[in-house]
1. What residue, of 235, 209, is charged (D, E, K, R) and either touching a His at 6+ places or on another chain (Cβ under 8 Å) or at pLDDT 95 or above (or both)?
2. For the stretch 26-69, which positions are hydrophobic (A, V, I, L, M, F, W, C) and within 10 Å of the chain's Cα centre (by Cα)?
3. Considering the stretch 160-189 alone, what residues qualify as being free of Cβ contacts under 8 Å to residues at least 60 places away in the same chain and under 17 Å from residue 121 (Cα atoms)?
4. Could you tell me how many of the residues in the stretch 58-106 are more than 15 Å from residue 212 (Cβ to Cβ), of a type in the set (Asp, Glu) and not in a helix (DSSP H, G or I)?
5. Out of the residues in the stretch 234-258 that are aromatic (Phe, Trp, Tyr) and buried (at least 18 other Cβ atoms within 10 Å of the Cβ), which is nearest to residue 34 (Cα to Cα)?
6. Here's a check for you: in the stretch 13-24, which residue that is under 30 Å from residue 250 (Cα atoms) and surrounded by fewer than 12 Cβ atoms within 10 Å (Cβ to Cβ) is modelled with the lowest pLDDT?
7. Can you list residue pairs whose Cβ atoms sit under 8 Å apart, with the first residue in the stretch 294-308 being within 16 Å of residue 91 (Cβ to Cβ) and the second being aliphatic (A, V, I, L, M) and in a loop (DSSP other than H, G, I, E, B)? Count only pairs 6 or more apart in sequence or on different chains.
8. I'm checking my understanding of the structure. Among residues of the stretch 204-233 that are charged (D, E, K, R) and crowded, with 18+ Cβ neighbours inside 10 Å, which one is nearest to residue 135 (Cα to Cα)?
Amino acid sequence: MKQSVAIALAAVIGLAPGLAAAAETVKVAIPQRGSWDTSFTELGMAQGYFKDVGLEIEPTYTEGGATNEQAVISGSVDIALATGFLGIIAAYVKGAPIRIISPEATGAPDIFWYVKADSPIKSMKDLHGKTVSFSNPGSSSNLILLTLLKDAGVTDAKTIPVGAAPNGLPQVMTGQIDASWSTPPTGLKELQAKEIRIIAIGNDSPEVKNETVRVNAVNLDFLKAHRAAVVSFMKAYKRSVDFAYSGDKGLEAYAKLSDQPIEQVRYQAKEFTSKAQDQTDAIKGEDRVLAEALAAKRIPHPMTHDDIKGVYDFVLKQGS
């Protein structure tokens, strides 16, 4: 009897390390569900990368822009992915408890504007007095649109927020608006069927092409209390990006996640993605983003890197 009790006690003691290593939950805001770069976390979840580092991911899906920012600032989520760089800087300057843990997108080959195939509009230069959409105020699509219109010399276009990319498509097709923003997979089927036509992509602007447009950000209180979890998250996230660009396996997993035919995914990968865009090591074009923030009255006065350097806390070393 004593021997049985001793064996049972030993078994319980042996389980203790496993119990202590229970997965830690991290709440993550993910905008534009189904888009290529915002699918990295879900792809990694399916591959078990986050469980491998002891994390359980609890996703919340948003339409991006201010919705994503407010979720992480309020603490309703711990990490916000693919959030407009300018918006996060503006929030930080106002004292929001937020830190950037990595860039998420450099340039914007994945954001485009389109019209109906039979529209007389051929380019951004033809948008004088026309209606053209972006997602939400302060989002990357908002700032990129303003840059493209400025480059085209258009000052009188009517820019309107429509939220997620799918919201704009029926409005263009029914003539409610002249042009709308999109990011794949929205619009790919219509592009291939020649029902719509692209008039601009984000990278048409040399400045946009070489600047950080979206970042990954964390709630400061969560970072202070759970820094190891944030480090683990970024390790698994970078592994997920690598998987997405691993070839057929990554594309097939994304096709399943986004409910697209594999050939459409191959078209998307070729025309609208690049691993260079999705690098997570280096912030680029900060000076221009600060100038944009000032022009948009999102910061109170001209600022330099030294004024906002506290917003950065890259929990992983470059290249790790």
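1. Values: 209 fails: either touching a His at 6+ places or on another chain (Cβ under 8 Å) or at pLDDT 95 or above (or both).
Just a single option satisfies the conditions, and that option is 235.
2. The initial filter retains those residues of the stretch 26-69 that are hydrophobic (A, V, I, L, M, F, W, C), namely 26, 28-30, 36, 40, 43, 45-46, 50, 53, 55, 57, 66.
29, 30, 36, 40 - these are the residues of the stretch 26-69 that are hydrophobic (A, V, I, L, M, F, W, C) and within 10 Å of the chain's Cα centre (by Cα).
3. 168, 169, 171, 172, 173, 174, 175, 176, 177
4. Count: 3.
5. Here is the first cut: in the stretch 234-258, the residues aromatic (Phe, Trp, Tyr) are 237, 243, 245, 254.
Those left that are additionally buried (at least 18 other Cβ atoms within 10 Å of the Cβ): 237, 243, 254.
Values: 237: 16, 243: 16, 254: 8 Å.
Per the criteria, the residue is 254.
6. So the first thing to find is which residues in the stretch 13-24 are under 30 Å from residue 250 (Cα atoms), and the list is 21-24.
Next cut, surrounded by fewer than 12 Cβ atoms within 10 Å (Cβ to Cβ) only: 21-22.
Numbers: 21: 62, 22: 84.
By that ranking, first place goes to 21.
7. 294/303
8. Filtering first and then ranking leaves 214.
The values are calculated or read from the model by the stated rules, or taken from the named source; none is laboratory data. These figures come from a predicted structure and were not determined experimentally. Don't worry about glycine lacking a Cβ; one is built from the backbone with ideal geometry, like all the others, and counts go over all protein chains shown.
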